[in-house]
2 protein chains.
Amino acid sequence: MATRSRRPERRQEPLSRERIVEAAVELLDTVGERGLTFRALAQHLSTGPGAIYWHITGKDELLGAATEAVVAAAVAVEPSGRTADSPEDTVRAVALGLFDATEAHPWLAMQLAMQLSRTPWATVAPRIFESLGRQVRAMDVPEAHWFTATSALMHYILGAAGQNAANSASAARAGLTGGDVDRDAFLDTVSAAWEALDPEEYPFIRAVANQVRGHDDREQFLAGITLVLAGITAHHRPGH
Amino acid sequence: MATRSRRPERRQEPLSRERIVEAAVELLDTVGERGLTFRALAQHLSTGPGAIYWHITGKDELLGAATEAVVAAAVAVEPSGRTADSPEDTVRAVALGLFDATEAHPWLAMQLAMQLSRTPWATVAPRIFESLGRQVRAMDVPEAHWFTATSALMHYILGAAGQNAANSASAARAGLTGGDVDRDAFLDTVSAAWEALDPEEYPFIRAVANQVRGHDDREQFLAGITLVLAGITAHHRPGH
DNA sequence: GACCCTCTGGAACGACGTTCCAGCTTGACA
DNA sequence: TGTCAAGCTGGAACGTCGTTCCAGAGGGTC
């Protein structure tokens, strides 16, 4: 009765794994990984912690499901687009999808690392691997080198996306509202910190310190993709 | 007095940041990240949790220091060796140092991701970046491309090392004592799981499923390094 | 001997993940 | 329509964690 009077007309849409994961992603985006607790999640869903455990085994599965949901949406850029694109361009599209996802969800990078560390070849890696592998196959790479080439691509993408998500997260943290000003200020801070390093111990970093100012992460990321793709074609093209 | 009777002759060597970090690494290696608690660490050092906080600000710093200690030891392979090696070989040596470190310390991969996520260009990344950058400079890469080439190398290495550490950790977990038998069994499991995937959704993975059997992680890792190096030389060599 | 500063380690606090369970809702069957 | 089991809910409670607090030991200096 009391519950009836609080939700008079329609009963609140029932709890479901889907709704829980969706709320978890929202909580991760807004308050960060440290803010995602079962109590906060329960309050967000107007329920108690116990109810959540009926749908989800524990926090590991919750984080895994949130990660997979975001990655699945990110990798899905491939099939719908015009199919006339070259395999290289499709690789860039998939890679950029993941890159943007890690930028939109700063928690994604570490969760990806954790997922891959816990269940390496289970949930999320095959999705990415498959998506990239199809393009490698569409290039002129002999079958014996499919695995190596696809692995190299995936490893670069995951490593770079993680690192760059960290950058934008830090930049956004420095000034609260993410903007170009904050980003430039962040890059200035990094550049200054690099120039202040010990010249004996870090000569190379000091030499490239000024290059970091005004650099575009996306552009940098794509340049790396191009570089790996060049390595694939140079090393595996027929006639080699 | 009671303490005197328990440690009769030499007073126990005093607590220090160094000793704490060393014990933390040991605890991480033996019981995993979930086993590293301040209580267990205190017991391991025959003290209480409060004493540790005099030397270390919190768990973040503890994990960061443990990560940096292990990485510093891993990257230190470069200077002592014979200097007649080619830059490419030195890159391989540095990369293998990190690869082996993540294999010896399965917790390292995720901690690296976390460190890079929290303080991106602070503690540990510059060390790796510097080590790789020197070799890139020693190759015939024009200065404008130093940053891109070094970044690509570092991203691939971190991504691949993390993924492969995950593999060996899972393989070791399947059978308790890590051995070739367990590893083969693990690869068989992965291969079988891949072949059982939906042919509609994962055609590529099914096609390479059998390639995974008997594959050597180190060899695979080095093949990726070679591939990225080939991309660097193909894309940045003079006359391009 | 009195003092202070560095360092210790046990107790205590708040928050977390997780478990437990009493009770509500719902649909099927008599 | 009444009854009952199963699905589902949510609040209370448990154990453990990171962290803080603090009374006091140790060792050097006037």
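The values are calculated or read from the model by the stated rules, or taken from the named source; none is laboratory data. Since this is a predicted model, take the numbers as computed values, not measurements. Glycine gets a Cβ as well: all are built from the backbone with ideal geometry, and neighbour counts include every protein chain shown. The protein model used for the area step is the full one, side chains on, heavy atoms only, and it has no ligands, DNA or RNA in it. Shrake-Rupley method; radii C 1.70, N 1.55, O 1.52, S 1.80 Å.
Okay, here's what the table says:
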quantity: Test: residue in the stretch B:16-25 that is more than 16 Å from DNA strand C (Cβ to nearest atom), at pLDDT 95 or above and more than 14 Å from chain A (Cβ to nearest Cβ); calculated: yes
quantity: Lone unmet requirement of (1) within 29 Å of A:Met154 (Cα to Cα); (2) open to solvent by 60 Å² or more (accessible area, probe 1.4 Å) for A:Thr57; calculated: (1)
quantity: Search result, residues across the stretch B:147-156 that are facing chain A (nearest Cβ under 7 Å) and touching a Phe, Trp or Tyr at 6+ places or on another chain (Cβ under 9 Å); calculated: B:Ser151, B:Ala152, B:His155, B:Tyr156
quantity: Search result, residues across the stretch A:24-57 that are within 12 Å of DNA strand D (Cβ to nearest atom) and among the hydrophobic types (A, V, I, L, M, F, W, C); calculated: A:Phe38, A:Leu41, A:Ala42, A:Leu45, A:Ala51, A:Ile52, A:Trp54, A:Ile56
quantity: From the options A:Ala196, A:Ala223, A:Ala209, A:Ala230, residue that is free of Cβ contacts under 8 Å to residues at least 60 places away in the same chain and surrounded by fewer than 13 Cβ atoms within 10 Å (Cβ to Cβ); calculated: A:Ala196
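One line per residue, one yes/no per condition, for (1) loosely packed, with under 11 Cβ neighbours inside 10 Å; (2) within 16 Å of DNA strand C (Cβ to nearest atom); (3) modelled with pLDDT of 95 or more; (4) within 22 Å of B:Pro126 (Cβ to Cβ):
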position: B:Thr3; (1), (2), (3), (4): yes, yes, no, no
position: B:Arg7; (1), (2), (3), (4): yes, yes, no, no
position: B:Gln12; (1), (2), (3), (4): no, yes, no, no
position: B:Ala72; (1), (2), (3), (4): no, no, no, yes
position: B:Val75; (1), (2), (3), (4): no, no, no, yes
position: B:Gly81; (1), (2), (3), (4): no, no, no, yes
